[in-house]
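Asker: Take a look at this one; I'll ask things after.
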Amino acid sequence: MKPVNRRRPRLRGEGVTAALFAAPALAGLLLFVAVPFGLALGLSLTNLRMGSPLQTRFVGWQQYARVLADPTFQRAMLNNALFAAVVVPVQTTLALLLALAVNQRLRGMVVFRALFFMPVVFPMALVALVWELIYAPGPNGPLNALLGLVTFGGVAPQDFLHDRLLALPAIMLMSIWQGVGFQMVVLLAGLQSIPNELYEAAATERAGRWSQFRHVTLPQLRNPLVFTALVTTVLAFRVFDQVQIMTRGGPLDATTTIMFEAVQAVFERQQVAQAAAMTVVFFFLVLMVTLVQRAAVRQEREVA
């Protein structure tokens with residue numbers, strides 16, 4: 001008599017259950033990622049304008065050629081690259097230092113954690129308006145007054161948001177202040193999940209604080225650090241709100257970004273197809289940076 005195989009029906013049932021649990025997430029990816037990207041890709045191959053949709057025709061890759069040859073868009077890509085190259089490492093380092101600081105078991109430390117995380121809760125529009133007031137020109141501006149007080153008048157008042165050399169660093173500083181709390185919370189959770197036995201073993205081997213940080217803390221924080229770096233990179237490339245509110249892309253395209261140019265193309269020039277091409281280029285730029293980061297982390301793991 002042939003034995004009855006009950007394993008296959010059970011595996012099928014588990015597969016159906018897994019598919020049902022994954023269905024909402026897959027539906028969300030399809031509706032909010034795949035379909036919009038496909039629509040943007042299709043529109044980018046046309047000459048669609050907001051005011052004349054009936055004159056739309058297929059133009060192939062002409063929109064991409066125009067976008068990539070546009071000096072303003074090239075400047076926007078450069079600004080995005082500079083913004084990400086500065087904000088991601090600086091913000092991640094500050095978040096790690098803050099996480100190490102608030103991880104101490106001291107009275108009132110919960111208050112400091114809440115204060116450091118509070119800027120993340122505020123809308124970016126509100127934060128940008130507050131920092132626009134901080135950057136106010138003239139000696140009565142809060143930041144100018146502080147710099148004059150600290151340097152005993154050695155630094156002249158600056159017009160931060162209308163200076164080509166200072167406008168982008170000013171937006172970087174504000175963005176770092178607003179977003180560092182999120183990274184701090186993620187890294188703090190990673191710190192609190194490290195087993196104490198590892199530090200006890202390191203102390204038994206007479207490892208100092210720096211050695212424990214290098215050989216215990218950093219390896220255990222590898223995944224949280226990678227996660228925060230990836231998320232911050234994506235957010236850095238899609239920077240828009242603070243640019244729109246604080247500088248409007250100026251002065252002289254010094255702070256323009258890809259997302260800002262895409263919005264300008266739609267609402268100022270009514271070039272829907274051109275904006276779609278910009279968003280597709282933006283998508284592949286972020287995808288390329290993300291893949292490079294993941295490949296670098298994978299190689300580091302293999303070497304380790």
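No lab work stands behind these numbers, since they all come straight from the coordinates. No experiment lies behind these values; they were computed from the predicted model shown. All Cβ positions, even for glycine, are placed from backbone atoms using ideal geometry, and neighbour counts span all protein chains on display.
Asker: Rank these for me by crowding, Phe240, Phe21, Phe73, going from fewest to most other beta carbons within 10 Å.
Answerer: Lowest to highest Cβ neighbour count: Phe21, Phe240, Phe73.
Asker: Enter the per residue convex hull volume of the stretch 113-161, computed from alpha-carbon coordinates, in Å³ rounded to the nearest integer. Intermediate values should be presented prior to the final figure.
Answerer: On the way: hull volume 3.9 nm³, N = 49.
About 80 Å³ per residue, rounded to a whole number.
Asker: Now, a different point. Would you kindly give the portion of the calculated P(r) for the stretch 115-236 that falls above 21 Å, as a percent of all Cα pairs? The partial results should precede the final answer.
Answerer: Working: 4238 of 7381 pairs.
Of all Cα-Cα distances in the stretch 115-236, 57 percent exceed 21 Å.
Asker: Now, a different point. What's log10 of I(q)/I(0) for the chain at q = 0.07, 0.14, 0.16 Å⁻¹, Debye sum over Cα points only, no solvent?
Answerer: -0.42, -1.20, -1.33
Asker: Based on other C-beta atoms within 10 Å, arrange Glu261, Glu200 from fewest to most.
Answerer: Working: Glu261 25, Glu200 9.
Ranked by crowding around the Cβ, least crowded first: Glu200, Glu261.
Asker: Please rank Asp163, Asp253, fewest neighbouring Cβ atoms within 10 Å first, as an exposure proxy. Can you show the working numbers first?
Answerer: Working: Asp163 15, Asp253 19.
The order, fewest Cβ neighbours first, is Asp163, Asp253.
Asker: Separate question: Using DSSP to define loop residues, name the trypsin sites (Lys or Arg not before Pro) in the stretch 113-210 whose beta-carbon has at most 16 other beta-carbon atoms within 10 Å. Kindly include the intermediate steps, with their values, before the conclusion.
Answerer: Numbers: sites: Arg113, Arg164, Arg206, Arg209; in loops: Arg164, Arg206.
The qualifying sites are Arg164, Arg206.
Asker: Given bins 10 angstrom wide, list per bin the percent of all Cα-Cα distances in the stretch 31-97, short to long.
Answerer: Pair shares across the bins are 17, 27, 31, 17, 8, 1.
Asker: Span-like helices, the chain: DSSP H, alpha-carbon axial extent 24 Å or more, mean Kyte-Doolittle -0.5 or greater, which ones? Before the final figure, lay out the partial values.
Answerer: On the way: long enough: 7-29 (32 Å, 0.28); 71-102 (45 Å, 1.37); 167-192 (38 Å, 1.52); 272-303 (47 Å, 1.11).
Within the chain the helices that satisfy the rule are 7-29, 71-102, 167-192, 272-303.
Asker: Next question, about the same structure. Give me the percent relative contact order of the chain, please, defined on Cα pairs under 8 angstrom at least 6 residues apart. Display every interim value, and only then the final one.
Answerer: Working: 317 pairs, mean separation 84.5, N = 304.
Relative CO of the chain lands at 28 percent.
Asker: In the chain, with Lys and Arg counted as +1 and Asp and Glu as -1 at Cβ, which of these residues, Thr228, His162, Pro24, has the Cα nearest the positive end of the dipole, that is, farthest along it?
Answerer: Of the options given, the answer is Pro24.
Asker: State the Kirkwood hydrodynamic radius of the stretch 68-133 in Å, one decimal place, computed from all pairs of distinct Cα atoms. All intermediate terms of the calculation are to be shown ahead of the outcome.
Answerer: Working: mean 1/r = 0.0672 Å⁻¹.
Here the Kirkwood hydrodynamic radius works out to 14.9 Å.
Asker: Could I ask something else about it? If you place +1 on the Cβ of every Lys and Arg and -1 on the Cβ of every Asp and Glu, how big does the dipole about the Cα centre of the chain come out, in debye to the nearest 20? List each step's numbers first, then the result.
Answerer: On the way: 24 positive and 14 negative charges, 298 e Å.
That gives the chain a dipole magnitude of about 1440 debye.
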